[in-house]
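As C-alpha coordinates, the structure follows; a few thoughts come after it.
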Amino acid sequence: MLEFDWGVIWKYRESLWDGMLTSLQLFAIALAGGIFFGTLLALARLAPWKLVSVPAAGFVNLIRSIPFIMAIFWFYFLTPVIVSKFTGQQGEAVGPFTSAVVAFIMVESAYYSEIVRAGIQSIPRGQPAAAYALGLNYWQSMGHVVLPQAFRNMLPVMLTQAVILFQDTSLVYVVALKDFLGAASKAGQLTGRIVELYIFVAVVFFILCFLASHAVKRLQARLAAGR
Amino acid sequence: MDWKVLLEQAPSGGMTYLGWLWSGLFWTLAVSLCAWVIAFSVGSVVGVARTVPLRVPRAVATAYVELFRNIPLLVQMFLWYFVMPELVPKAWGDWLKQDMPNLLTLPFAAQFSLWEFTAAVLCLGLYTASRVAEQVRSGIQSLSVGQTNAGLAMGLTLPQVYRHVTLPMAYRIVIPPMTSEFLTIFKNSSTALTIGVLELTAQSRQISEYTFKTFEAFTAATLIYIVITMTVIFAMRALESRVAVPGYIAQGGGR
(Lines give C-alpha, C1' and ligand atoms only; values in the text may rest on other atoms or scores of the structure.)
Protein backbone atom coordinates (compact mmCIF):
# COMPACT_ATOMS: atom_id res chain seq x y z
CA MET A 1 0.00 0.00 0.00
CA LEU A 2 1.26 3.46 -0.66
CA GLU A 3 0.43 6.80 0.83
CA PHE A 4 -1.55 9.06 -1.39
CA ASP A 5 -0.33 12.46 -2.42
CA TRP A 6 -3.25 14.24 -3.98
CA GLY A 7 -1.26 17.48 -4.16
CA VAL A 8 0.17 16.21 -7.44
CA ILE A 9 -3.14 16.98 -9.16
CA TRP A 10 -3.04 20.61 -8.02
CA LYS A 11 0.59 20.84 -9.06
CA TYR A 12 -0.20 19.67 -12.60
CA ARG A 13 -3.57 21.46 -12.84
CA GLU A 14 -2.52 23.52 -15.83
CA SER A 15 -1.39 20.65 -18.03
CA LEU A 16 -4.41 18.60 -16.94
CA TRP A 17 -6.68 21.51 -17.87
CA ASP A 18 -4.92 21.84 -21.24
CA GLY A 19 -5.48 18.13 -21.78
CA MET A 20 -9.15 18.50 -20.90
CA LEU A 21 -9.44 21.36 -23.41
CA THR A 22 -7.90 19.17 -26.11
CA SER A 23 -10.39 16.40 -25.26
CA LEU A 24 -13.31 18.84 -25.35
CA GLN A 25 -12.14 20.35 -28.63
CA LEU A 26 -11.81 16.94 -30.23
CA PHE A 27 -15.22 16.01 -28.82
CA ALA A 28 -16.94 19.12 -30.19
CA ILE A 29 -15.43 18.85 -33.68
CA ALA A 30 -16.04 15.10 -33.90
CA LEU A 31 -19.62 15.54 -32.72
CA ALA A 32 -20.45 18.28 -35.24
CA GLY A 33 -18.62 16.54 -38.08
CA GLY A 34 -20.00 13.13 -37.16
CA ILE A 35 -23.61 14.33 -37.16
CA PHE A 36 -23.17 16.31 -40.38
CA PHE A 37 -21.43 13.61 -42.42
CA GLY A 38 -23.44 10.90 -40.67
CA THR A 39 -26.65 12.51 -41.93
CA LEU A 40 -25.23 12.73 -45.45
CA LEU A 41 -24.18 9.08 -45.28
CA ALA A 42 -27.62 8.02 -44.07
CA LEU A 43 -29.28 9.97 -46.89
CA ALA A 44 -26.87 8.41 -49.38
CA ARG A 45 -27.60 4.95 -48.02
CA LEU A 46 -31.34 5.41 -48.33
CA ALA A 47 -31.12 7.10 -51.73
CA PRO A 48 -32.84 5.24 -54.57
CA TRP A 49 -29.63 5.17 -56.64
CA LYS A 50 -27.36 2.13 -56.24
CA LEU A 51 -24.29 4.11 -57.30
CA VAL A 52 -24.71 6.22 -54.15
CA SER A 53 -26.23 3.77 -51.68
CA VAL A 54 -23.85 0.84 -52.14
CA PRO A 55 -20.56 2.72 -51.45
CA ALA A 56 -22.15 4.48 -48.47
CA ALA A 57 -23.31 1.17 -46.99
CA GLY A 58 -19.89 -0.34 -47.66
CA PHE A 59 -18.10 2.47 -45.83
CA VAL A 60 -20.40 2.29 -42.81
CA ASN A 61 -20.15 -1.49 -42.52
CA LEU A 62 -16.39 -1.41 -42.94
CA ILE A 63 -15.87 1.15 -40.18
CA ARG A 64 -18.32 -0.61 -37.89
CA SER A 65 -16.59 -3.95 -38.20
CA ILE A 66 -13.11 -2.82 -37.16
CA PRO A 67 -11.99 -1.61 -33.72
CA PHE A 68 -12.05 2.14 -33.08
CA ILE A 69 -8.29 2.02 -32.43
CA MET A 70 -7.67 0.29 -35.76
CA ALA A 71 -9.68 3.05 -37.48
CA ILE A 72 -7.64 5.71 -35.66
CA PHE A 73 -4.43 4.05 -36.88
CA TRP A 74 -5.82 3.89 -40.43
CA PHE A 75 -6.72 7.56 -40.68
CA TYR A 76 -3.65 8.61 -38.78
CA PHE A 77 -1.68 6.89 -41.51
CA LEU A 78 -3.87 7.88 -44.48
CA THR A 79 -4.59 11.56 -43.75
CA PRO A 80 -1.04 12.87 -44.31
CA VAL A 81 -0.64 10.65 -47.40
CA ILE A 82 -3.84 11.92 -48.98
CA VAL A 83 -3.24 15.55 -48.04
CA SER A 84 0.24 15.53 -49.55
CA LYS A 85 -1.13 13.94 -52.72
CA PHE A 86 -3.73 16.66 -53.21
CA THR A 87 -1.81 19.73 -52.07
CA GLY A 88 1.72 18.66 -52.94
CA GLN A 89 2.70 19.66 -49.40
CA GLN A 90 4.81 17.51 -47.16
CA GLY A 91 2.72 14.97 -45.25
CA GLU A 92 4.33 16.17 -42.04
CA ALA A 93 2.49 19.47 -42.45
CA VAL A 94 -0.59 17.66 -41.15
CA GLY A 95 -0.34 17.68 -37.37
CA PRO A 96 -1.34 14.78 -35.15
CA PHE A 97 -4.39 16.70 -33.94
CA THR A 98 -5.73 17.10 -37.50
CA SER A 99 -5.23 13.41 -38.21
CA ALA A 100 -7.00 12.50 -34.98
CA VAL A 101 -9.86 14.85 -35.86
CA VAL A 102 -10.23 13.25 -39.30
CA ALA A 103 -10.21 9.76 -37.75
CA PHE A 104 -12.86 10.68 -35.19
CA ILE A 105 -15.12 12.41 -37.73
CA MET A 106 -14.93 9.40 -40.05
CA VAL A 107 -15.68 6.85 -37.34
CA GLU A 108 -18.41 8.91 -35.69
CA SER A 109 -20.09 9.66 -39.02
CA ALA A 110 -20.41 5.90 -39.56
CA TYR A 111 -21.94 5.48 -36.09
CA TYR A 112 -24.23 8.50 -36.44
CA SER A 113 -25.38 7.45 -39.89
CA GLU A 114 -26.89 4.31 -38.35
CA ILE A 115 -28.74 6.43 -35.78
CA VAL A 116 -30.01 8.83 -38.46
CA ARG A 117 -31.01 5.94 -40.70
CA ALA A 118 -33.05 4.35 -37.90
CA GLY A 119 -34.61 7.76 -37.21
CA ILE A 120 -35.57 8.26 -40.86
CA GLN A 121 -36.98 4.76 -41.07
CA SER A 122 -39.16 5.43 -38.03
CA ILE A 123 -41.10 8.02 -40.06
CA PRO A 124 -44.26 6.59 -41.65
CA ARG A 125 -44.00 5.98 -45.38
CA GLY A 126 -46.96 8.24 -46.03
CA GLN A 127 -44.87 11.31 -45.16
CA PRO A 128 -42.33 11.12 -48.01
CA ALA A 129 -45.07 9.80 -50.29
CA ALA A 130 -47.14 12.89 -49.59
CA ALA A 131 -44.08 15.08 -50.19
CA TYR A 132 -43.43 13.40 -53.56
CA ALA A 133 -47.11 13.80 -54.43
CA LEU A 134 -46.73 17.53 -53.80
CA GLY A 135 -43.93 17.57 -56.35
CA LEU A 136 -40.91 17.74 -54.03
CA ASN A 137 -37.83 15.80 -55.12
CA TYR A 138 -35.79 13.36 -52.94
CA TRP A 139 -33.60 15.99 -51.25
CA GLN A 140 -36.51 18.41 -50.72
CA SER A 141 -38.76 15.79 -49.17
CA MET A 142 -35.92 14.66 -46.91
CA GLY A 143 -34.91 18.19 -45.94
CA HIS A 144 -38.33 19.67 -45.34
CA VAL A 145 -40.53 16.75 -44.36
CA VAL A 146 -38.69 13.66 -43.15
CA LEU A 147 -35.53 14.92 -41.42
CA PRO A 148 -37.13 17.55 -39.16
CA GLN A 149 -39.42 14.87 -37.71
CA ALA A 150 -36.70 12.22 -37.64
CA PHE A 151 -34.27 14.44 -35.72
CA ARG A 152 -36.80 14.98 -32.94
CA ASN A 153 -37.27 11.21 -32.60
CA MET A 154 -33.58 10.46 -32.50
CA LEU A 155 -32.43 13.30 -30.24
CA PRO A 156 -32.08 11.13 -27.09
CA VAL A 157 -30.12 8.42 -28.94
CA MET A 158 -27.86 11.05 -30.51
CA LEU A 159 -27.12 12.56 -27.11
CA THR A 160 -26.41 9.14 -25.61
CA GLN A 161 -23.98 8.53 -28.46
CA ALA A 162 -22.43 11.93 -27.69
CA VAL A 163 -21.66 10.77 -24.13
CA ILE A 164 -20.05 7.62 -25.57
CA LEU A 165 -18.09 9.78 -28.03
CA PHE A 166 -16.80 11.90 -25.14
CA GLN A 167 -15.54 8.73 -23.45
CA ASP A 168 -14.04 7.52 -26.72
CA THR A 169 -11.93 10.68 -27.09
CA SER A 170 -9.61 9.07 -24.53
CA LEU A 171 -8.59 6.61 -27.28
CA VAL A 172 -6.38 9.26 -28.91
CA TYR A 173 -3.95 8.16 -26.23
CA VAL A 174 -2.83 5.51 -28.75
CA VAL A 175 -1.42 8.15 -31.11
CA ALA A 176 0.28 9.99 -28.24
CA LEU A 177 -1.92 13.06 -28.46
CA LYS A 178 -2.03 14.89 -25.12
CA ASP A 179 -5.71 14.75 -24.24
CA PHE A 180 -6.98 14.64 -20.63
CA LEU A 181 -5.86 11.04 -20.10
CA GLY A 182 -2.60 11.67 -21.95
CA ALA A 183 -1.83 14.69 -19.74
CA ALA A 184 -2.50 12.65 -16.60
CA SER A 185 -0.35 9.84 -17.94
CA LYS A 186 2.51 12.25 -18.66
CA ALA A 187 2.29 13.82 -15.23
CA GLY A 188 2.20 10.32 -13.76
CA GLN A 189 5.41 9.35 -15.53
CA LEU A 190 7.14 12.52 -14.34
CA THR A 191 6.15 12.15 -10.69
CA GLY A 192 5.56 8.42 -10.27
CA ARG A 193 2.08 9.28 -8.97
CA ILE A 194 0.04 7.40 -11.57
CA VAL A 195 -2.35 6.01 -8.95
CA GLU A 196 -3.65 9.41 -7.85
CA LEU A 197 -3.75 10.76 -11.40
CA TYR A 198 -5.61 7.83 -12.97
CA ILE A 199 -8.12 7.77 -10.11
CA PHE A 200 -8.63 11.51 -10.62
CA VAL A 201 -9.20 11.01 -14.36
CA ALA A 202 -11.72 8.24 -13.66
CA VAL A 203 -13.60 10.39 -11.13
CA VAL A 204 -13.78 13.39 -13.48
CA PHE A 205 -15.02 11.27 -16.39
CA PHE A 206 -17.51 9.55 -14.12
CA ILE A 207 -19.01 12.79 -12.81
CA LEU A 208 -19.27 14.38 -16.27
CA CYS A 209 -20.73 11.32 -17.99
CA PHE A 210 -23.05 10.45 -15.11
CA LEU A 211 -24.56 13.94 -15.06
CA ALA A 212 -24.83 14.07 -18.85
CA SER A 213 -26.49 10.68 -19.19
CA HIS A 214 -28.99 11.54 -16.47
CA ALA A 215 -29.81 14.81 -18.19
CA VAL A 216 -30.43 12.80 -21.38
CA LYS A 217 -32.73 10.42 -19.49
CA ARG A 218 -34.76 13.34 -18.13
CA LEU A 219 -35.01 14.88 -21.58
CA GLN A 220 -36.14 11.55 -22.98
CA ALA A 221 -38.88 11.28 -20.34
CA ARG A 222 -40.03 14.81 -21.12
CA LEU A 223 -40.09 14.18 -24.89
CA ALA A 224 -42.05 10.96 -24.32
CA ALA A 225 -44.53 12.81 -22.09
CA GLY A 226 -45.01 15.48 -24.76
CA ARG A 227 -46.45 12.99 -27.24
CA MET B 1 1.91 -2.66 -53.02
CA ASP B 2 3.97 -5.51 -51.76
CA TRP B 3 1.99 -8.30 -50.17
CA LYS B 4 4.91 -10.70 -50.18
CA VAL B 5 6.31 -8.81 -47.21
CA LEU B 6 3.87 -10.71 -45.00
CA LEU B 7 5.64 -13.96 -45.85
CA GLU B 8 9.07 -12.68 -44.88
CA GLN B 9 10.78 -13.89 -41.74
CA ALA B 10 9.91 -11.65 -38.78
CA PRO B 11 12.69 -10.55 -36.40
CA SER B 12 11.22 -12.38 -33.42
CA GLY B 13 9.05 -15.35 -32.53
CA GLY B 14 10.63 -17.58 -35.17
CA MET B 15 7.80 -16.96 -37.61
CA THR B 16 6.82 -14.86 -40.58
CA TYR B 17 4.97 -11.53 -40.32
CA LEU B 18 1.85 -13.46 -41.24
CA GLY B 19 2.60 -15.59 -38.20
CA TRP B 20 2.57 -12.42 -36.10
CA LEU B 21 -0.90 -11.68 -37.42
CA TRP B 22 -2.15 -15.17 -36.53
CA SER B 23 -0.63 -14.82 -33.10
CA GLY B 24 -2.40 -11.45 -32.76
CA LEU B 25 -5.68 -13.02 -33.84
CA PHE B 26 -5.17 -15.81 -31.29
CA TRP B 27 -4.77 -13.29 -28.45
CA THR B 28 -7.65 -11.14 -29.69
CA LEU B 29 -9.91 -14.20 -29.58
CA ALA B 30 -8.48 -15.40 -26.26
CA VAL B 31 -9.05 -12.02 -24.58
CA SER B 32 -12.53 -11.61 -26.12
CA LEU B 33 -13.78 -15.10 -25.28
CA CYS B 34 -12.47 -15.13 -21.71
CA ALA B 35 -13.86 -11.63 -21.16
CA TRP B 36 -17.18 -12.70 -22.66
CA VAL B 37 -17.52 -15.50 -20.09
CA ILE B 38 -17.19 -12.88 -17.32
CA ALA B 39 -19.40 -10.36 -19.12
CA PHE B 40 -22.17 -12.86 -19.74
CA SER B 41 -22.25 -14.37 -16.25
CA VAL B 42 -21.76 -11.16 -14.24
CA GLY B 43 -24.00 -9.26 -16.64
CA SER B 44 -26.79 -11.82 -16.27
CA VAL B 45 -26.66 -11.65 -12.46
CA VAL B 46 -26.60 -7.85 -12.45
CA GLY B 47 -29.34 -7.63 -15.08
CA VAL B 48 -31.62 -9.97 -13.14
CA ALA B 49 -30.84 -8.12 -9.90
CA ARG B 50 -32.06 -4.89 -11.51
CA THR B 51 -35.50 -6.42 -12.05
CA VAL B 52 -36.13 -8.21 -8.73
CA PRO B 53 -38.58 -6.67 -6.25
CA LEU B 54 -35.91 -6.26 -3.56
CA ARG B 55 -34.44 -2.86 -2.83
CA VAL B 56 -30.84 -3.72 -1.88
CA PRO B 57 -29.88 -5.97 -4.83
CA ARG B 58 -31.51 -3.49 -7.16
CA ALA B 59 -29.55 -0.55 -5.76
CA VAL B 60 -26.26 -2.46 -5.89
CA ALA B 61 -26.88 -3.56 -9.47
CA THR B 62 -27.82 -0.03 -10.56
CA ALA B 63 -24.68 1.34 -8.94
CA TYR B 64 -22.60 -1.28 -10.76
CA VAL B 65 -24.04 -0.35 -14.15
CA GLU B 66 -23.66 3.40 -13.57
CA LEU B 67 -20.08 3.02 -12.37
CA PHE B 68 -18.83 0.89 -15.24
CA ARG B 69 -20.72 2.69 -17.99
CA ASN B 70 -19.58 6.18 -17.11
CA ILE B 71 -15.82 5.66 -17.10
CA PRO B 72 -14.04 5.27 -20.46
CA LEU B 73 -12.85 1.72 -21.16
CA LEU B 74 -9.27 2.87 -21.64
CA VAL B 75 -9.24 4.55 -18.21
CA GLN B 76 -10.64 1.37 -16.67
CA MET B 77 -7.89 -0.58 -18.39
CA PHE B 78 -5.27 1.62 -16.67
CA LEU B 79 -7.07 1.36 -13.33
CA TRP B 80 -6.87 -2.44 -13.45
CA TYR B 81 -3.36 -2.64 -14.81
CA PHE B 82 -1.52 0.23 -13.12
CA VAL B 83 -3.61 1.26 -10.11
CA MET B 84 -5.02 -2.00 -8.73
CA PRO B 85 -1.63 -3.61 -7.90
CA GLU B 86 -0.74 -0.51 -5.86
CA LEU B 87 -3.94 -0.61 -3.81
CA VAL B 88 -3.65 -4.23 -2.67
CA PRO B 89 -1.03 -5.27 -0.05
CA LYS B 90 2.45 -4.76 -1.44
CA ALA B 91 3.38 -8.45 -1.66
CA TRP B 92 0.33 -9.17 -3.81
CA GLY B 93 0.99 -6.20 -6.05
CA ASP B 94 4.59 -7.25 -6.58
CA TRP B 95 3.48 -10.76 -7.34
CA LEU B 96 1.02 -9.49 -9.95
CA LYS B 97 3.55 -7.24 -11.59
CA GLN B 98 6.65 -9.41 -11.44
CA ASP B 99 5.97 -13.03 -10.70
CA MET B 100 3.02 -13.82 -12.91
CA PRO B 101 4.28 -16.40 -15.41
CA ASN B 102 5.53 -15.12 -18.69
CA LEU B 103 3.56 -16.40 -21.62
CA LEU B 104 6.59 -16.82 -23.87
CA THR B 105 6.48 -20.58 -23.53
CA LEU B 106 2.92 -20.88 -24.80
CA PRO B 107 2.14 -21.50 -28.44
CA PHE B 108 1.73 -18.24 -30.35
CA ALA B 109 4.62 -16.88 -28.30
CA ALA B 110 3.32 -13.87 -26.48
CA GLN B 111 5.83 -11.27 -25.43
CA PHE B 112 3.83 -10.26 -22.39
CA SER B 113 3.05 -11.78 -19.01
CA LEU B 114 -0.09 -13.40 -17.70
CA TRP B 115 -0.78 -10.26 -15.66
CA GLU B 116 -1.31 -8.14 -18.78
CA PHE B 117 -3.65 -10.77 -20.15
CA THR B 118 -5.54 -11.10 -16.84
CA ALA B 119 -5.92 -7.36 -16.41
CA ALA B 120 -7.26 -7.02 -19.95
CA VAL B 121 -9.74 -9.86 -19.47
CA LEU B 122 -10.97 -8.57 -16.10
CA CYS B 123 -11.34 -5.02 -17.36
CA LEU B 124 -13.08 -5.92 -20.59
CA GLY B 125 -15.28 -8.53 -18.92
CA LEU B 126 -16.52 -6.37 -16.06
CA TYR B 127 -17.00 -3.35 -18.34
CA THR B 128 -19.04 -5.33 -20.87
CA ALA B 129 -20.99 -6.95 -18.01
CA SER B 130 -22.59 -3.56 -17.37
CA ARG B 131 -23.76 -3.42 -20.99
CA VAL B 132 -24.93 -7.06 -20.99
CA ALA B 133 -26.84 -6.34 -17.77
CA GLU B 134 -28.76 -3.57 -19.52
CA GLN B 135 -29.67 -5.93 -22.37
CA VAL B 136 -30.81 -8.67 -19.98
CA ARG B 137 -32.84 -6.14 -17.99
CA SER B 138 -34.57 -4.75 -21.07
CA GLY B 139 -35.24 -8.29 -22.28
CA ILE B 140 -36.90 -9.18 -18.99
CA GLN B 141 -38.83 -5.92 -18.87
CA SER B 142 -40.10 -6.40 -22.42
CA LEU B 143 -42.09 -9.42 -21.22
CA SER B 144 -45.57 -8.74 -19.93
CA VAL B 145 -45.98 -8.68 -16.14
CA GLY B 146 -48.68 -11.29 -16.62
CA GLN B 147 -46.05 -13.95 -17.25
CA THR B 148 -44.37 -13.42 -13.90
CA ASN B 149 -47.71 -13.12 -12.13
CA ALA B 150 -49.01 -16.30 -13.74
CA GLY B 151 -45.88 -18.13 -12.60
CA LEU B 152 -46.27 -16.84 -9.06
CA ALA B 153 -50.00 -17.66 -9.08
CA MET B 154 -49.15 -21.24 -9.99
CA GLY B 155 -47.17 -21.49 -6.79
CA LEU B 156 -43.64 -21.13 -8.21
CA THR B 157 -41.18 -19.25 -6.04
CA LEU B 158 -39.56 -16.12 -7.48
CA PRO B 159 -36.29 -17.93 -8.37
CA GLN B 160 -38.35 -20.64 -10.07
CA VAL B 161 -40.28 -18.05 -12.05
CA TYR B 162 -36.99 -16.58 -13.30
CA ARG B 163 -35.56 -20.02 -14.06
CA HIS B 164 -38.55 -21.51 -15.88
CA VAL B 165 -40.62 -18.58 -17.16
CA THR B 166 -38.86 -15.23 -17.47
CA LEU B 167 -35.28 -16.03 -18.42
CA PRO B 168 -35.95 -18.64 -21.14
CA MET B 169 -38.06 -16.02 -22.90
CA ALA B 170 -35.79 -13.06 -22.20
CA TYR B 171 -32.60 -14.71 -23.42
CA ARG B 172 -34.17 -15.65 -26.73
CA ILE B 173 -35.44 -12.14 -27.24
CA VAL B 174 -32.09 -10.51 -26.53
CA ILE B 175 -29.99 -12.62 -28.92
CA PRO B 176 -29.62 -9.82 -31.52
CA PRO B 177 -28.44 -7.15 -29.02
CA MET B 178 -26.22 -9.78 -27.36
CA THR B 179 -24.63 -10.46 -30.74
CA SER B 180 -23.70 -6.83 -31.07
CA GLU B 181 -22.37 -6.83 -27.49
CA PHE B 182 -20.15 -9.76 -28.39
CA LEU B 183 -18.92 -7.94 -31.49
CA THR B 184 -18.28 -4.91 -29.28
CA ILE B 185 -16.16 -6.93 -26.85
CA PHE B 186 -14.28 -8.41 -29.81
CA LYS B 187 -13.51 -4.96 -31.20
CA ASN B 188 -12.87 -3.42 -27.77
CA SER B 189 -10.25 -6.08 -27.07
CA SER B 190 -7.89 -3.92 -29.13
CA THR B 191 -7.80 -1.54 -26.14
CA ALA B 192 -5.62 -4.18 -24.47
CA LEU B 193 -2.75 -3.08 -26.69
CA THR B 194 -2.31 -0.03 -24.42
CA ILE B 195 -1.18 -2.31 -21.59
CA GLY B 196 1.06 -4.43 -23.77
CA VAL B 197 -1.13 -7.29 -24.95
CA LEU B 198 0.02 -8.03 -28.50
CA GLU B 199 -3.36 -8.64 -30.07
CA LEU B 200 -4.29 -8.25 -33.72
CA THR B 201 -4.24 -4.43 -33.96
CA ALA B 202 -0.98 -4.25 -32.02
CA GLN B 203 0.63 -6.85 -34.28
CA SER B 204 -0.40 -5.03 -37.44
CA ARG B 205 1.06 -1.81 -36.08
CA GLN B 206 4.23 -3.65 -35.10
CA ILE B 207 4.55 -5.07 -38.61
CA SER B 208 4.12 -1.60 -40.07
CA GLU B 209 6.85 -0.27 -37.78
CA TYR B 210 9.29 -3.02 -38.75
CA THR B 211 8.61 -3.15 -42.50
CA PHE B 212 7.15 0.34 -43.31
CA LYS B 213 4.45 -1.55 -45.26
CA THR B 214 1.70 0.13 -43.28
CA PHE B 215 -0.99 -0.22 -45.92
CA GLU B 216 -0.47 -3.97 -46.33
CA ALA B 217 -0.24 -4.63 -42.59
CA PHE B 218 -3.40 -2.64 -41.76
CA THR B 219 -5.34 -4.13 -44.68
CA ALA B 220 -4.49 -7.67 -43.59
CA ALA B 221 -5.66 -7.01 -40.01
CA THR B 222 -8.79 -5.24 -41.25
CA LEU B 223 -9.71 -8.20 -43.45
CA ILE B 224 -9.29 -10.59 -40.53
CA TYR B 225 -11.57 -8.41 -38.39
CA ILE B 226 -14.20 -8.34 -41.13
CA VAL B 227 -14.13 -12.12 -41.60
CA ILE B 228 -14.60 -12.73 -37.85
CA THR B 229 -17.41 -10.16 -37.65
CA MET B 230 -19.23 -11.77 -40.59
CA THR B 231 -18.78 -15.26 -39.12
CA VAL B 232 -20.25 -14.19 -35.77
CA ILE B 233 -23.20 -12.46 -37.44
CA PHE B 234 -24.08 -15.49 -39.57
CA ALA B 235 -23.65 -17.94 -36.68
CA MET B 236 -25.86 -15.85 -34.43
CA ARG B 237 -28.54 -15.50 -37.10
CA ALA B 238 -28.62 -19.28 -37.42
CA LEU B 239 -28.92 -19.61 -33.64
CA GLU B 240 -31.59 -16.93 -33.56
CA SER B 241 -33.81 -18.70 -36.07
CA ARG B 242 -33.34 -22.04 -34.28
CA VAL B 243 -34.51 -20.75 -30.90
CA ALA B 244 -36.99 -18.15 -32.18
CA VAL B 245 -40.15 -17.79 -30.11
CA PRO B 246 -43.14 -18.52 -32.36
CA GLY B 247 -45.35 -15.49 -32.80
CA TYR B 248 -42.64 -12.87 -32.32
CA ILE B 249 -41.69 -10.51 -35.13
CA ALA B 250 -38.06 -11.63 -35.08
CA GLN B 251 -39.17 -15.16 -35.97
CA GLY B 252 -36.93 -16.83 -38.52
CA GLY B 253 -34.03 -14.51 -37.82
CA GLY B 254 -34.97 -12.22 -40.70
CA ARG B 255 -34.46 -8.53 -40.28
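The values are calculated or read from the model by the stated rules, or taken from the named source; none is laboratory data. Given the structure is predicted, the values throughout are model-derived calculations rather than measurements. Positions of Cβ are backbone-derived with ideal geometry, glycine not excepted, and every protein chain shown enters the neighbour counts.
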Discussion item. Any residue that is part of a loop (DSSP other than H, G, I, E, B) and of a type in the set (Val, Ile, Thr) - is there at least one of those in segment A:117-126?
Written reply: yes
Worksheet item: So, of the residues in segment A:165-180 that are charged (D, E, K, R) and more than 8 Å from chain B (Cβ to nearest Cβ), which turns out to be farthest from A:Gly19 (Cα to Cα)?
Response: A:Lys178
Discussion item. Among the residues of segment B:203-226, what is the count of those that are more than 8 Å from chain A (Cβ to nearest Cβ), farther than 14 Å from B:Gly19 by Cα and under 22 Å from the mean Cα position of the chain (by Cα)?
Written reply: 1
Worksheet entry | Residues of segment A:197-224 satisfying the condition of being of a type outside the set (Val, Ile, Thr), closer than 22 Å to A:Ala184 by Cβ and without any contact (Cβ under 8 Å) to a residue 60 or more places away in the chain | A:Tyr198, A:Ala202, A:Phe205, A:Phe206, A:Leu208, A:Cys209, A:Phe210, A:Leu211, A:Ala212
Item to complete: Check whether at least one residue in segment A:33-44 is over 23 Å from A:Thr160 (Cα atoms) and either out of contact with any Cys (no Cβ under 7 Å at 6 or more places or on another chain) or small (Gly, Ala, Ser) (or both), and report yes or no.
Response: yes
Worksheet item: Can you tell me which of B:Ser44, B:Ser113 is touching a strand residue (DSSP E or B) at 6+ places or on another chain (Cβ under 6 Å) and crowded, with 18+ Cβ neighbours inside 10 Å?
Response: B:Ser113
Worksheet item: If only one of B:Thr194, B:Thr166 is in a helix (DSSP H, G or I), farther than 20 Å from B:Val52 by Cβ and over 15 Å from the mean Cα position of the chain (by Cα), which one is it?
Response: B:Thr194
Worksheet item: Scanning segment A:56-90 for residues that are among the small types (Gly, Ala, Ser), surrounded by 15 or more Cβ atoms within 10 Å (Cβ to Cβ) and farther than 26 Å from B:Thr28 by Cβ, which turns out modelled with the highest pLDDT?
Response: A:Ala56
Discussion item. Quick check on segment A:83-93. Is at least one of its residues on the phi > 0 side of the Ramachandran plot and either within 14 Å of chain B (Cβ to nearest Cβ) or not in a helix (DSSP H, G or I) (or both)?
Written reply: yes
Worksheet entry | Residue within segment A:191-198 that is part of a helix (DSSP H, G or I) and of a type in the set (Asp, Glu) present | yes
Item to complete: Could you tell me whether segment B:72-86 includes any residue that is facing chain A (nearest Cβ under 7 Å) and out of contact with any Phe, Trp or Tyr (no Cβ under 9 Å at 6 or more places or on another chain)?
Response: yes
Item to complete: Go through (1) touching a Phe, Trp or Tyr at 6+ places or on another chain (Cβ under 6 Å); (2) at pLDDT 90 or above one by one and return the number of the condition B:Gly196 breaks.
Response: (2)
Fill in: Single match in B:Ser180, B:Ser241 (criterion: away from chain A (no Cβ under 11 Å), of a type outside the set (Phe, Trp, Tyr), in a helix (DSSP H, G or I) and surrounded by fewer than 18 Cβ atoms within 10 Å (Cβ to Cβ))
B:Ser241
Worksheet item: Yes or no: A:Glu114 away from every other protein chain (no Cβ under 14 Å) and either touching a strand residue (DSSP E or B) at 6+ places or on another chain (Cβ under 8 Å) or of a type in the set (Asp, Glu) (or both)?
Response: no
Item to complete: Would you check which residues across segment B:54-71 are more than 12 Å from chain A (Cβ to nearest Cβ) and in contact (Cβ under 8 Å) with a residue 60 or more places away in the chain and list them?
Response: B:Ala61, B:Tyr64
Worksheet entry | Residue check for A:Ala183: assigned to a helix (DSSP H, G or I), more than 10 Å from chain B (Cβ to nearest Cβ) and farther than 20 Å from A:Leu31 by Cα | yes
Response to the item:
Going through (1) in a helix (DSSP H, G or I); (2) out of contact with any His (no Cβ under 8 Å at 6 or more places or on another chain) one by one, B:Gly151 fails only at (2)
Worksheet item: When you scan segment B:1-90 for helices (runs of 4 or more DSSP H) that lie fully inside it, which ones turn up with 3 or more residues that are under 25 Å from A:Phe210 (Cα atoms)?
Response: B:17-49, B:55-69, B:73-78
Response to the item:
Scanning segment A:21-39 residue by residue, the ones that are farther than 30 Å from A:Leu147 by Cα and either surrounded by fewer than 19 Cβ atoms within 10 Å (Cβ to Cβ) or of a type in the set (Lys, Arg) (or both) total 1
Fill in: Lone qualifier among A:Ser113, A:Ser99, A:Ser109, A:Ser53 - being among the polar types (S, T, N, Q), surrounded by fewer than 16 Cβ atoms within 10 Å (Cβ to Cβ) and assigned to a helix (DSSP H, G or I)
A:Ser53
Worksheet item: How do the pairs read when you match residues in segment B:31-53 that are on the phi < 0 side of the Ramachandran plot with residues anywhere that are in a loop (DSSP other than H, G, I, E, B), using Cβ under 7 Å and keeping only pairs 6 or more apart or on different chains?
Response: B:Val31/B:Val197; B:Val31/B:Glu199
